1. Find all pairs meeting these conditions: Cβ atoms under 6 angstrom apart; at least six residues apart or on different chains; first residue within segment B:41-69 and closer than 19 Å to B:L12 by Cα; second residue part of a loop (DSSP other than H, G, I, E, B).
2. Would you please name the residue that is surrounded by the fewest Cβ atoms within 10 Å (Cβ to Cβ), looking only at residues in segment A:179-194 that are more than 10 Å from chain B (Cβ to nearest Cβ) and charged (D, E, K, R)?
3. What are the residues in segment A:140-175 that are assigned to a loop (DSSP other than H, G, I, E, B) and farther than 25 Å from A:T200 by Cα, if any?
4. So the check is Cβ under 8 Å with 6+ separation or different chains; which pairs have a first residue in segment A:79-94 that's touching a residue at least 24 places away in the same chain (Cβ under 8 Å) and a second one that's open to solvent by less than 40 Å² (accessible area, probe 1.4 Å) and of a type in the set (D, E)?
5. Just one of A:A149, A:A169 is buried (at least 16 other Cβ atoms within 10 Å of the Cβ) and on the phi < 0 side of the Ramachandran plot; which is it?
6. Taking into account only those residues within segment A:38-51 that are open to solvent by 10 Å² or more (accessible area, probe 1.4 Å) and at the interface with chain B (Cβ under 8 Å from one of its Cβ atoms), which is farthest from B:W72 (Cα to Cα)?
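The values are calculated or read from the model by the stated rules, or taken from the named source; none is laboratory data. Because the structure is a prediction, the values reported are computed rather than measured. FYI the Cβ positions are ideal-geometry reconstructions off the backbone, even for glycines, and counts take in every protein chain you see. We work out accessible area using only protein heavy atoms, side chains counted, and drop any ligands, DNA or RNA first. Shrake-Rupley method; radii C 1.70, N 1.55, O 1.52, S 1.80 Å.
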Amino acid sequence: MDSTHIWPTIVQITPSVDKRPSDADLLTIERIAAGDKRALEEIYSRFGKMLFRYILTLVVDRQLAEEVLQDTLVAVWKGAHRFKGRSSVRTWIFGIARRKVRDANRRRSLTTAGPGEAESLPASEPSPEEIVLLNDRRKQLAACLKRLAPPQREVLALVFFQGFSYKEAAEILGVPVGTVRSRLNRAKNTLQMFVQNSATEKKDE
Amino acid sequence: MSNEKFEHIANLLPEYVSGSLELSEEQRVREHLRSCTECQEELASWQEVSEAVNLALESSPLPSPHVLEAAWATINKENSPVRARSSLTVKLSLALQLLRSQLPLVRRKIWVASAVTMAIGCLVALMSTGATGSAFAVFAPIVAAVGVAFIYGPENDPSLEIALSTPTKPRLVLLARLTLVYGYDLTLALAATGVLVLVKAEIGLWSLVSLWIGPMLFLSALALLLSLLFGSTAAVLAAMALWGVRLVAETYSVPSFGAPAGAEVMDAFWQTNTILLPLAVLLLAVSFLCVSYSMALTQGKES
């Protein structure tokens with residue numbers, strides 16, 4: 001079935017994570033700091049799924065992504081007493097996840113021969129032909145996401161899928177707000193160019 | 001429309017699409033969009049990208065259910081020994097700090113007076129002809145009782161105000177000082193007993209210790225409770241009176257004509273450690289229950 005019609009022409013995409021009062025999250029982190037195990041489970045059921053999807057934008061290997069998610073949970077458990085509430089809990093946790101991705105990549109590049117090249121060029125990358133055959137612009141763009149460089153894919157995920165503001169995304173990435181903006185623009189342009197190119201390549205054949 | 005304004009609004013479009021703009025800014029963008037076709041096109045392209053990102057990520061896999069378990073396994077493996085050790089060392093160092101901090105707050109006279117009295121008791125026992133050293137057993141309990149009577153309460157505490165405003169619980173403070181004074185008196189008494197045993201070979205170490213330890217602990221515990229309830233002076237007077245009565249009873253307990261009724265019973269009571277020690281523990285427990293309450297009263301009176 002063609003699913004085009006399920007996308008309304010103009011949609012205000014609501015952030016995928018519900019924005020509960022951050023006080024509740026803060027309280028949960030305080031409980032973790034006090035050693036309440038159920039509080040960590042609450043954090044996991046609230047953020048686990050979204051964190052995993054974010055991690056997957058940077059780490060293609062699923063097993064490694066799960067390791068990173070574990071590391072993130074362990075770090076939240078250990079670091080909860082250091083959380084001072086300068087940023088939101090959500091931003092803090094995503095920032096931790098990002099550092100854990102970097103650690104995992106470093107670990108992996110030490111153990112395997114090649115540097116983490118594999119992650120930016122996944123094996124399942126669609127061919128131009130496949131992209132054109134998708135016959136739906138959104139699906140084509142979605143398929144091309146895999147060809148983007150991880151930093152660009154990451155910023156798209158943070159802003160559009162996780163619903164972070166520029167400021168929050170900048171905190172997570174540890175870069176200025178201006179960098180977030182320019183990376184986002186570059187990501188969009190590259191994505192559009194990919195779709196364009198696969199169409200022309202197809203035509204040239 | 002100025003190019004600058006277009007730049008500015010265009011920069012806000014991704015956040016507008018994702019819904020993370022503040023309300024006022026969101027309104028500004030919406031108003032601008034009505035009249036600016038360039039921005040409308042830009043918006044459409046962002047919406048397309050946003051939908052594509054959501055489409056791609058929503059179909060990405062979910063973490064397997066064992067992730068949380070694995071995290072717990074790591075946490076338990078990494079933390080349990082380290083945590084246990086560190087918390088024990090932390091507790092020990094806290095206890096030491098507490099003891100050290102309470103040391104200067106106990107009246108200095110107590111230390112000197114206790115030592116002098118114990119020494120006198122030791123001397124008296126040395127000079128006396130008794131083979132049991134029981135003369136010393138007369139001194140040790142009352143020294144400890146008087147010392148303990150002065151460890152707590154507003155009349156003895158120059159730092160009460162600080163103590164009241166610090167998070168250290170009154171019970172903990174009491175425990176710390178009790179440990180200090182009791183420990184000091186116990187050491188003194190043991191040292192004196194040691195001297196007596198060394199000098200007078202006929203005295204048995206444990207028989208002499210058993211002579212004073214029960215009365216000492218009981219009388220001090222009683223003095224502590226009385227000092228908490230009625231003040232140090234009352235406690236000292238009561239302890240002395242009780243001990244005096246005991247001494248008098250002891251003199252009369254030798255079966256002779258005209259001994260007051262109950263003298264024998266009383267003497268037997270003071271010589272039975274199996275009764276005295278549990279009673280001492282009970283009195284200490286009551287004291288600890290009392291201390292928070294009496295502190296609250298003091299606080300109320302002072303304010």
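1. B:S50/A:I13; B:E51/A:W7
2. Checking each candidate, the answer is A:R186.
3. The first filter runs over segment A:140-175 and keeps only residues assigned to a loop (DSSP other than H, G, I, E, B), leaving A:148-149, A:162-165, A:174-175.
Matches in segment A:140-175: A:Q162, A:G163, A:F164, A:S165, A:G174, A:V175.
4. A:S88/A:D25; A:V89/A:D25; A:R90/A:D25
5. Values: A:A149 fails: buried (at least 16 other Cβ atoms within 10 Å of the Cβ).
Just one listed residue meets the conditions, A:A169.
6. Residues of segment A:38-51 open to solvent by 10 Å² or more (accessible area, probe 1.4 Å): A:38, A:41-42, A:44-46, A:49-50.
Filter again for at the interface with chain B (Cβ under 8 Å from one of its Cβ atoms), leaving A:41, A:44, A:49.
Values: A:E41: 10, A:Y44: 12, A:K49: 17 Å.
Within segment A:38-51, the match that is farthest from B:W72 (Cα to Cα) is A:K49.
For (1) under 24 Å from A:G163 (Cβ atoms); (2) out of contact with any strand residue (DSSP E or B) (no Cβ under 8 Å at 6 or more places or on another chain); (3) at pLDDT below 90, each residue gets a yes or a no:
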| position | (1), (2), (3) |
| --- | --- |
| A:T9 | yes, yes, yes |
| A:K19 | yes, yes, yes |
| A:G35 | no, yes, yes |
| A:R46 | yes, yes, no |
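Here is a yes/no grid of residues against (1) open to solvent by 20 Å² or more (accessible area, probe 1.4 Å); (2) assigned to a helix (DSSP H, G or I); (3) at pLDDT 75 or above; (4) hydrophobic (A, V, I, L, M, F, W, C):
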residue	(1), (2), (3), (4)
B:Y252	yes, yes, no, no
B:A261	yes, no, no, yes
B:F269	yes, yes, yes, yes
B:F288	yes, yes, yes, yes
